[in-house]
Amino acid sequence: MSNLELLFDPSLIPSSSRSTLDDDLFLRPLASTDNARGHIELLTVLTSAPALSQQTYASTFQELKAALNTYFVIVIVQRSTDKIVGCGSLVVERKFLRNAGLVGHIEDIAVSKSMQGRKLGLKIINTLEDIGKGVGCYKIILDCSQSNIPFYEKCGFKQKEYQMVRYM
Ligand code: ACO
């Protein structure tokens, strides 16, 4: 991990999040070279995620990294294949209200089909929550499909409000 350029300081990830995974798996911040480890391919379990050129991937990574204390993308890597099998993002929003408080938004949670049902999704959510707590978020919110509600309830979330959307 020491040679990789990471999106954020890995010490924000509690050691408990790393230590309870199978030996063949490890969890870390996104690295600038993760396109080659199947990051975008993994996101296709979630929605349309066409392949990105190395250049676009690298410039997107740098754009996220330049926005300080905002983007916390984590990945679970399988050591034996050097492939990413899980990922998730926490985007931290600064508010004027709540005494200039911080709200965390959980986005783009994906676990590869062959690894689903092994508590990796739960691990990703718990880790993003720990990061959010660590950086001072007063709440963490997310949007999901109806079919994923039971998963997020198992992660400790509850239903509140409604989502609205208008595509451009
Ligand atoms: N319906 C009911 N229960 C579920 C579901 C579901 N769709 N998914 C997981 N669970 C339950 C599991 O059975 C488990 O329960 P248990 O503790 O009683 O055994 C618990 O939730 C934890 O499950 P995990 O094994 O951690 O789930 P997994 O690793 O498979 O990850 C995920 C779940 C992320 C939804 C995965 O199936 C996936 O990648 N799906 C496709 C992409 C997707 O829908 N992502 C979420 C989009 S919403 C967003 O990104 C904010």
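The values are calculated or read from the model by the stated rules, or taken from the named source; none is laboratory data. These numbers come from a predicted model, not from an experiment. Virtual Cβ from ideal backbone geometry, glycine too; neighbours counted across all protein chains shown. For the accessible areas, the whole protein counts, side chains as well, though only heavy atoms, and no ligand, DNA or RNA atoms are used. Shrake-Rupley method; radii C 1.70, N 1.55, O 1.52, S 1.80 Å.
Of all residues in the range 143-156, those satisfying the criterion of being near the ligand (Cβ under 10 Å from one of its atoms), part of a loop (DSSP other than H, G, I, E, B) and not acidic (Asp, Glu) are Cys144, Ser145, Cys155. In this structure, Lys123 qualifies as open to solvent by less than 70 Å² (accessible area, probe 1.4 Å), among the basic types (Lys, Arg) and not in a strand (DSSP E or B).
Here's the yes/no breakdown for (1) within 9 Å of the ligand (Cβ to nearest atom); (2) surrounded by fewer than 22 Cβ atoms within 10 Å (Cβ to Cβ):
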site: Leu46; (1), (2): yes, yes
site: Glu63; (1), (2): no, yes
site: Asn69; (1), (2): no, yes
site: Ser80; (1), (2): no, yes
site: Arg94; (1), (2): no, yes
site: Arg118; (1), (2): yes, yes
site: Glu129; (1), (2): no, yes
site: Gly132; (1), (2): no, no
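Check Ile40, Ile76 and return the single one that is open to solvent by less than 30 Å² (accessible area, probe 1.4 Å), within 16 Å of the ligand (Cβ to nearest atom) and out of contact with any strand residue (DSSP E or B) (no Cβ under 6 Å at 6 or more places or on another chain).
Values: Ile76 fails: out of contact with any strand residue (DSSP E or B) (no Cβ under 6 Å at 6 or more places or on another chain).
None of the others qualify; the one that does is Ile40.
To keep it simple, each residue is scored yes or no on (1) part of a strand (DSSP E or B); (2) basic (Lys, Arg); (3) touching a Cys at 6+ places or on another chain (Cβ under 9 Å); (4) over 22 Å from Pro10 (Cα atoms).
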{"position": "Thr47", "(1), (2), (3), (4)": "no, no, no, yes"}
{"position": "Lys65", "(1), (2), (3), (4)": "no, yes, no, no"}
{"position": "Ile84", "(1), (2), (3), (4)": "yes, no, no, no"}
{"position": "Leu90", "(1), (2), (3), (4)": "yes, no, yes, no"}
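All conditions in (1) more than 8 Å from the ligand (Cβ to nearest atom); (2) loosely packed, with under 11 Cβ neighbours inside 10 Å; (3) within 18 Å of the chain's Cα centre (by Cα) hold for Ile140, with the sole exception of (2).
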